[in-house]
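The values are calculated or read from the model by the stated rules, or taken from the named source; none is laboratory data. The structure presented is a predicted model; accordingly, all values stated were derived computationally and were not measured. So basically every Cβ, Gly included, is an ideal-geometry build from the backbone, and we count neighbours across all protein chains shown. The protein model used for the area step is the full one, side chains on, heavy atoms only, and it has no ligands, DNA or RNA in it. Shrake-Rupley method; radii C 1.70, N 1.55, O 1.52, S 1.80 Å.
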Amino acid sequence: MTWVLENLDVIGGYTGAHLLQALPPILVAFLLSLPLAKLANSRGWLRTSVTTTSSLMYAIPSLPLFVLLPGLIGTGVRSPLNISIALSLYGLALMVPAAADAFRSVSRDVLGSATAQGYAPGARFFEVELPLAGPVLLAGVRVVAVSTISLVTVGGVLGVPSLGMLFVDGVRRGIAAEIAAGIVATVVLALLIDALLVLLGRAVMPWTRRQGVSRP
Amino acid sequence: MTGSPFLESLSWLVDPVHWSGPDSIPLRTLEHLGYTALGVLVAALLAVPVGLYVGHTGRMKSLAVAAAGAARALPTLGLVTLFALLVGIGLTAPLLSFVILAIPSLLAGAYSAVESADPATVDAARAQGMTEWQILTRVELPLGMPLLVGGFRGATVQVVATAMLAAYVGSGGLGRYIFQGLGSQNYPQMIAGSLLVIALALLLDLALLLAQRLTAPPGARAS
Amino acid sequence: MTIHSTRRHLLGALGAGSLALGAAACGSSDPFSEEEAEGGGSDGGSGSGALTIGSQAYYSNEIIAELCAQVLEAEGFTVDRQYQIGQREVYLPELEAGSLDLLPEYLGNLLQHYDSEAASASPEEIHGALGEVLPAGLRVLAFAEASDQDSYTTTSEFASTHSLTAIGDLAGVDEDLRIAANSEFDVRPYGPEGAKEVYDVDVTVVPVEDSGGPLTVQSLLDGDVQLADIYTADPAIAENDLVVLADPESMILPQNVVPVVSEKVDETAATAIEGVIAQLSADDLVELNRQSVVDQASSADIASGWLTEKGLL
């Protein structure tokens, strides 16, 4: 415990760096998943290949990906950009199938009625389809957020500043409290972001407040 | 010198040197598979009964959801290093971590499997005089079996991709190739190790997908 | 990239141009080096009075970096600290690109990074060889007496049972010998292959990726392994009364602390750094490490304490 109290600044610094690496991939995964999911839903064979690609992507162990990606995309291993891009890929792997499900959950009849009411395709998407898919999308984003925040720690093995550094340093110095602090901080950060997403969801989708959006 | 480490990793994979002896690909793959199976099975023993209970009774649902969510946030690397400091090297520390990693998917799979049964169907079964146990085992579980197997599928893929961490603290598995390649800058070996993990994950994923299809009750299979 | 390097005596190759050429070719074959050089890390500031100091992701290395940082600050330099960078193939390109200016290194490992076939030699010879293989823009300053090298270490009990003092004595031990070490130990010249060739000793590696840290030590104390690769500056050796087996054939590369610096490190800075390095004895390094792992002190406190004690601050 002494270690934790004396190193609050270190933990705080790593928490900030951690968040900076985690947030962009969550956002990117969400935004890119929308068009990709629409595209995937438009053709049966595309949907199958999206599902296959996702499980393939998710099976790639993260540490080797972090090391190898720079060779493919031209960033530095220690560059937070590298970690962020890798995590965006994992995020997409989770998010695209979730978004495809979300859009499929919107009844075709409702969309038909909207068209009949005179909604242009763009307006129909943003004002009818997207809000209706919202709860399922939110459930997907929440899973992506939690898993991304947890995965950022792996970069610690390579010396990319994040809470994962506490694991590597802690195991080397034999300070269990340091590792435990890293675990707790990661979980707290994930739950905090998750709670924020739930609040955000309630704010933009007030109609979901009553039944709640507790899909895992 | 030859170009891509990706191409070199392919020649690493087919090199007969790596197919025999104590560090051979078949042996490391079996170890990896063993750790995965053990982790998922132990997790299932803990998570499935709890999930079935939660799904059947509807009690403590929010607690289960919250616990599963928090468990998802647990960084496996942190768990492995912490447990290793506490219990020493060997399989115990990584195995404990894999169990924790596998629990959320299994728990979610189990309770959503039971929940997925139409309440009207369950009420009908109850009206016919079935006991709660009979409702669970003869109605809810058969109908929800694909979802339960889906939970196993998710847990297995996660554990198989993470089981490389066993090699971080003195055990074997395909992680040996990855960490040794990382430490000695032998990238072809590291990529080869990763490709083996990916291949294993895909095979398991496909096998469990098949199981998911086969366990659907014949009447419900059309969807 | 060959994994199993054939042993070759550095002495013979020393001074021959082939060494430098071989290293250069090796360097350019690394598919990632160029990309890395452009990417990672923040820019190191461009004022001549500003220096960026890095360290490996190793508490002991960070302490040495911090020693340099504090004396440089006392000399009026502005120091940007970029500690706990993972690996050589990550930070060396950054040094070459000028986004890092100083990082404490270790003689043998640094040479082996540029010449994977480099065999063991005296610290002076390795220091000389480094002068030839380092890429343009990088140089090493004088090296310290303090060294942090790989070892074949065992418990005092095991050593006395089998009357062991040197690695070669292991040849007479009639049981399977397992050594806990980072997994790359398996392919190092002083790993199992070297032990077989130089001392006719058979060992198998049990990989524990904490670089000789507490897990490795614990596995030795628990009897999971008979030997462990524990770095010689590790306070755990004295604390647990461990025995470092002697290496009379110099199979293991010497790993004296040596700062590697960029062109931005001028004479004033170099003199200040070498003032620290000149005073860093082997015992000092063990003590600094002890303060980190036992007292759990921060590198900044450990460094300022030692520098004050030595009259360097």
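Assorted remarks:
- Residue-normalised accessible area of the stretch B:5-218, expressed per residue, 1.4 Å probe, Å²: 40
- Per residue value of the accessible surface for the stretch A:72-128 (all protein chains in place, 1.4 Å probe), Å²: 46
- Helix B:25-57 and the longest principal axis of the Cα set of chain B meet at an angle near 20°.
- Calculated from backbone phi, Karplus (6.51, -1.76, 1.60) coupling profile of the stretch A:117-129 in Hz, x at Gly/Pro: 6, x, 5, 6, x, x, 5, 4, 5, 6, 9, 10, 5
- Long-range HN-HN contacts of C:Asn256 with modeled amide H, under 5 Å: C:Leu107, C:Gly108, C:Asp148
- For the stretch A:28-44, Karplus couplings with θ = phi - 60° (6.51, -1.76, 1.60), whole Hz, Gly/Pro x: 4, 4, 5, 5, 6, 5, 5, x, 5, 5, 4, 4, 5, 6, 6, 9, x
- Considering the protein assembly as shown, its Cα convex hull presents a mean projected area of 36.2 nm².
- Normalised by residue number, the volume inside the convex hull of the Cα atoms of the stretch C:150-191 is 85 Å³ per residue.
- Only Lys, Arg (+1) and Asp, Glu (-1) charged, at Cβ; the stretch C:202-310 dipole about Cα centre in debye: 240
- Qualifying trypsin sites (Lys or Arg not before Pro) in the stretch A:30-96, DSSP loop, other Cβ atoms within 10 Å at most 15: A:Arg43
- Interface size B-A, as summed buried accessible area [1.4 Å probe, Å², nearest 100]: 2700
- Ratio of Rg to Rh for chain B: 1.08 [Cα atoms; Kirkwood radius as inverse mean 1/r over pairs].
- Within chain B, the longest run free of exposed loop sites, counting trypsin sites (Lys or Arg not before Pro) that sit outside DSSP helix and strand states (H, G, I, E, B) and have at most 16 other Cβ atoms within 10 Å, spans B:60-220.
- In the stretch C:286-313, burial by the other protein chains removes 50 Å² or more of accessible area from C:Gln296, compared with the chain on its own (1.4 Å probe, ligands and nucleic acids ignored).
- Under the combined filter of DSSP loop state and at most 12 neighbouring Cβ atoms within 10 Å, the stretch C:160-232 retains these GluC sites (Glu not before Pro): C:Glu175.
- Normalised radius of gyration (Cα atoms, divided by 2.2 N^0.38 Å) for the stretch A:1-48: 2.05.
- Local electrostatic count at A:Ala100 - Lys and Arg +1, Asp and Glu -1, tallied over other residues with Cβ under 11 Å: +2
- Here the accessible area of the stretch B:50-164 is 66 percent carbon and sulfur, with a 1.4 angstrom probe and all protein chains present.
- Checking every one of the trypsin sites (Lys or Arg not before Pro) in the stretch C:69-152 against DSSP loop status and a limit of 15 other Cβ atoms within 10 Å picks out no site at all.
- Reference-scaled alpha-carbon Rg (2.2 N^0.38 Å with N residues) for the stretch C:179-313: 1.25
- Per-residue HN-Hα couplings for the stretch B:98-107 [Karplus 6.51, -1.76, 1.60; θ = phi - 60°; Hz; x = Gly/Pro]: 5, 4, 5, 5, 7, 4, x, 4, 5, 4
- Set of lysines with alpha-carbon distance to C:Lys264 below 30 Å, sequence-local pairs under 8 removed: C:Lys310
- Positive-end residue of B:Ile25, B:Leu74, B:Leu95, charge dipole of the stretch B:1-108 with Cβ unit charges: B:Leu74
- The simple spin-label model puts a point 7 Å past each Cα toward its Cβ; for A:Arg108 and B:Ala70 those points are separated by 4.5 nm.
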